[in-house]
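None of the figures in this text is laboratory data; all of them are computed from the coordinates on show. Computed from a predicted structure; not experimentally measured. When we count neighbours, we look across all protein chains shown, and the Cβ atoms used for this are built from the backbone with ideal geometry, even at glycine.
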Amino acid sequence: MIKVDEALKIILKSIKPLGSEAVKLTSILGRVLADDIYADSCIPAFDNSAMDGYAVRAIDTQDSSQDKPRILDVIEDLKAGYLAKNTIRHNQAIRIMTGAVMPLGADSVVVVEETQKLGKNKVEIFAPIKQGENVRLKGEDIEKGELIIAKGTLLSAGHIGVLASLGRQYIKVTRKPKIAILATGDELVDVGKKLKPGKIRSSNTHTLYAQILKSGGIPKNLGIAKDRCSELEAKIKKGLDCDVIISSGGVSVGDYDFVKHVLGKMGTRIKFWKVAMRPGKPLVFGMIKGIPVFGLPGNPVSSMVSFEIFVIPAILKMLGQGMDNKKEVKAILEEGVEKKKGLRYFLRASTIWKPDSYYTRTTGPQGSGILKSMALANSLIILPEEEEKVEKGVRVTVRFLD
């Protein structure tokens, strides 16, 4: 039995980043950027008005006030998307819309609220402005040649807006890992099937499917394998076209826990079995034909927690992302907890922010088969191996699940 940190180190050492693919701009939300993006042009590409108003020379607005407004000649109206036909000279202005190119001769824009039209071709200016006021300068957002988005970035709506502004129609992103899911056990039936005495529904198939999607992978459901070596082997072979294989159940020490045996028979190099943690101790990791394979526990909470702690970091590395350490915070424990020394505990918890700190408490009984406790949780309380009893009011490490 090995410690959690050692197990994770072995897993990540075995994982290699995936290749890339070019994807349409409209489809890159939530994908991971495969190459650095540099700007090949400035944004904005030209000086333009930040407001509706009048393009002027700032010097021509000096000493203007509500009592003694400066009066300027309006020589043109200018909409966004067009260029001015005239150059602004002494005591002249051009009516300008937001986003329009600044006319030659103008250095500032007076907002329309500080003006009043006089007849058809004149305007009163009621307040002086500074040179450059209400003007968006060329390149003030992005300079040509600037590194805009770094490789490994998880792309958001804001990134998509920047890329659209730069005219990028296709973006190279890391390929999503295809991940096979196999549930094992004679007792399992799928959702929609009628339960017979002694049977249970395979919740793990669906929780793992959801966890894979949420983590950026593409799930492939291999179905349910009965506790027979030949059936297990046949199902696992169907996952060899994937980047990762995940099974749940059949990895403990029971008479019908055949997964580890079958994996070994198929040539899997088993790198470890059993981790010093609760829930999730009976966990197998190995490599089969260059494909990482996780044999997760069958208990539903154990399966979900093991995925969170071990599989998600593996997926992030495949995608070219770093470790997601931002999920962990310190929180004040609102109840005392006892644990077994030598095991790292991951307790399902509800963690909230109060005026001075995060506070956390468990979501009820912590048995590895109590799936409701996971549904109620937004986080995991992480208690280190050396602890035996943790008192109420102590600060503990909490890992958010979202």
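In table form, for the structure just shown:
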{"quantity": "DSSP-defined antiparallel bridges as percent of all bridges, the chain, nearest 5", "calculated": "65 percent"}
{"quantity": "Gyration tensor verdict on region 274-402 (Cα atoms; rounded if a/c is under 1.5, prolate if a/b is larger than b/c, oblate otherwise)", "calculated": "prolate"}
{"quantity": "Cβ-Cβ FRET estimate between Ser350 and Arg201, R0 fixed at 25 Å, reported to 0.05", "calculated": "0.45"}
{"quantity": "Estimated translational D of the chain in µm²/s (Stokes, Kirkwood radius over Cα pairs; 4 °C; 1.567 mPa s)", "calculated": "50 µm²/s"}
{"quantity": "Pairs from Lys16/Lys235; Lys3/Lys281; Lys330/Lys389; Lys340/Lys372 whose Cα-Cα separation, in the structure shown, is over 20 Å", "calculated": "Lys16/Lys235; Lys340/Lys372"}
{"quantity": "Cut-off 12 Å between beta-carbons: net charge of the residues surrounding Leu104, Lys and Arg +1, Asp and Glu -1", "calculated": "0"}
{"quantity": "³J(HN,Hα), Karplus 6.51/-1.76/1.60, whole Hz, each residue of region 82-93, x for Gly, Pro", "calculated": "10, 10, 5, 8, 10, 9, 6, 10, 3, 6, 10, 9"}
{"quantity": "Extension gain (nm, one decimal) between Ile71 and Asp402, 0.36 nm per residue minus Cα-Cα", "calculated": "113.3 nm"}
{"quantity": "Note, ³J(HN,Hα) from phi for region 290-305, Karplus 6.51, -1.76, 1.60, rounded to Hz, x at Gly and Pro", "calculated": "x, 9, x, 10, 10, x, 7, x, x, 4, x, 5, 4, 5, 5, 5"}
{"quantity": "Net charge dipole size for the chain [Lys, Arg +1 and Asp, Glu -1 on Cβ; Debye, nearest 20]", "calculated": "2020 debye"}
{"quantity": "FRET efficiency, Phe272 to Glu140 (Cβ-Cβ, R0 60 Å, nearest 0.05)", "calculated": "0.65"}
{"quantity": "Amide H contacts of Asp141 (H built 1.01 Å from N, under 5 Å, at least 5 apart or other chain)", "calculated": "Ile43"}
{"quantity": "Under 5 Å, built H, 5+ apart or other chain: amide partners of Phe272", "calculated": "Phe285"}
{"quantity": "Charge tally in the Cβ shell below 12 Å around Pro219, where Lys, Arg are +1 and Asp, Glu are -1, Pro219 excluded", "calculated": "+3"}
{"quantity": "Spacing of the two label points (7 Å from each Cα toward its C-beta) at Ala22 and Asp241, in nm", "calculated": "2.6 nm"}
{"quantity": "Cα coordinate range in region 48-136, projected on the principal axes (Å, largest first)", "calculated": "36, 25, 22"}
{"quantity": "Region 32-124: chymotrypsin sites (Phe, Trp or Tyr not before Pro) falling in loop per DSSP and having at most 16 other Cβ within 10 Å", "calculated": "Phe46, Tyr82"}
{"quantity": "Gain upon complete extension [His261, Lys120; 0.36 nm per residue less C-alpha separation]", "calculated": "41.7 nm"}
{"quantity": "Environment charge of Ser230, counting only residues whose C-beta is closer than 15 Å and scoring Lys/Arg +1, Asp/Glu -1", "calculated": "+2"}
{"quantity": "Residues Lys79 and Asp40, FRET efficiency given R0 of 30 Å [Cβ-Cβ distance, rounded to 0.05]", "calculated": "0.60"}
{"quantity": "Overall Cα dimensions of region 1-96, principal axis frame, Å, largest first", "calculated": "86, 31, 19"}
{"quantity": "DSSP-assigned coil residues among GluC sites (Glu not before Pro) in region 112-153, each with at most 14 further Cβ atoms within 10 Å", "calculated": "Glu140, Glu143, Glu146"}
{"quantity": "Rounded, prolate or oblate (a/c below 1.5 giving rounded, otherwise prolate when a/b exceeds b/c) for region 327-400 by Cα gyration tensor", "calculated": "oblate"}
{"quantity": "Long-range HN-HN contacts of Ser108 with modeled amide H, under 5 Å", "calculated": "Val56, Ala58, Gly132"}
{"quantity": "Inter-centroid distance (Cα atoms) of region 207-282 relative to region 54-83, Å", "calculated": "73 Å"}
